[in-house]
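Scroll down for the structure; my scribbles are underneath it.
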Amino acid sequence: MITKFFIPELNNHDVQELWFQQGGATCHTPRAIIDLLKDTFGDRLISRFGPVNWPRRSCDLTPLDYFLWGYVKSLVYADKPQMLDQLEDYIHRVIVDIRPQMLEKVIENWTSRLDYIRASRDSHMTEIIFEM
C-alpha cells in the first residue's frame with residue numbers, strides 16, 4: 001500500500017514541509033518500512049524507531065490511532081468488503097470523503113488533551129475528555 005498508493009500520491013503534492021506520524025504497532029515498524037519512510041520524510045517522521053520517537057498506543061497523544069482510523073474502519077467494514085481490491089477501494093473512498101471540519105475537530109480535541117497533559121505535570125489523568 002505504501003509503495004503502490006501512498007508514495008505515488010505524495011508525488012502529486014508538495015511534501016517538503018509535511019510530517020508523517022505512524023502508529024507504533026509492531027507490524028507497522030519493520031526496518032524496511034521505517035527506512036522507506038525515512039527516505040521519504042527525512043527527520044519529519046514521527047514513529048517508533050523513527051527520528052522522532054512517539055509513545056505507542058497512547059490515546060492521549062495519537063488521534064490517528066484512536067479516533068480517525070477507528071472512524072475509517074467502521075465505515076469501511078460496514079460495507080463488508082470480500083476482496084482485497086474492494087477493501088482498498090472502500091478505504092480510499094472513505095478517506096477521500098473525510099471533511100476538513102472533521103479533521104479540524106480532531107486537531108482541536110487533540111490540542112485540548114495535550115493542554116490537559118501539560119497541566120497534569122505527568123500525574124495520573126482520571127478525567128481525560130474525548131469529544132468529537
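The values are calculated or read from the model by the stated rules, or taken from the named source; none is laboratory data. Since this is a predicted model, take the numbers as computed values, not measurements. Quick reminder, even Gly has a Cβ in these numbers, built from the backbone with ideal geometry, and neighbours come from all protein chains shown. For the accessible areas, the whole protein counts, side chains as well, though only heavy atoms, and no ligand, DNA or RNA atoms are used. Shrake-Rupley method; radii C 1.70, N 1.55, O 1.52, S 1.80 Å.
Before moving on, here are some points about what is shown:
- Residues of the stretch 73-120 satisfying the condition of being small (Gly, Ala, Ser) and modelled with pLDDT of 90 or more: Ser74, Ala78
- Test: residue in the stretch 21-29 that is open to solvent by 80 Å² or more (accessible area, probe 1.4 Å), assigned to a helix (DSSP H, G or I) and modelled with pLDDT of 85 or more: no
- Close pairs from the stretch 8-21: first among the polar types (S, T, N, Q), partner surrounded by 14 or more Cβ atoms within 10 Å (Cβ to Cβ), Cβ under 8 Å, at least 6 apart: Gln21/Ile46; Gln21/Ser47; Gln21/Trp54; Gln21/Thr62; Gln21/Leu64
- Pair list, Cβ under 9 Å, 6 or more apart: the stretch 92-118 residue in a helix (DSSP H, G or I), other residue open to solvent by less than 70 Å² (accessible area, probe 1.4 Å) and β-branched (Val, Ile, Thr): Arg93/Val76; Val94/Val72; Val94/Val76; Ile95/Val72; Trp110/Thr62; Arg113/Ile128; Tyr116/Ile128; Ile117/Ile128
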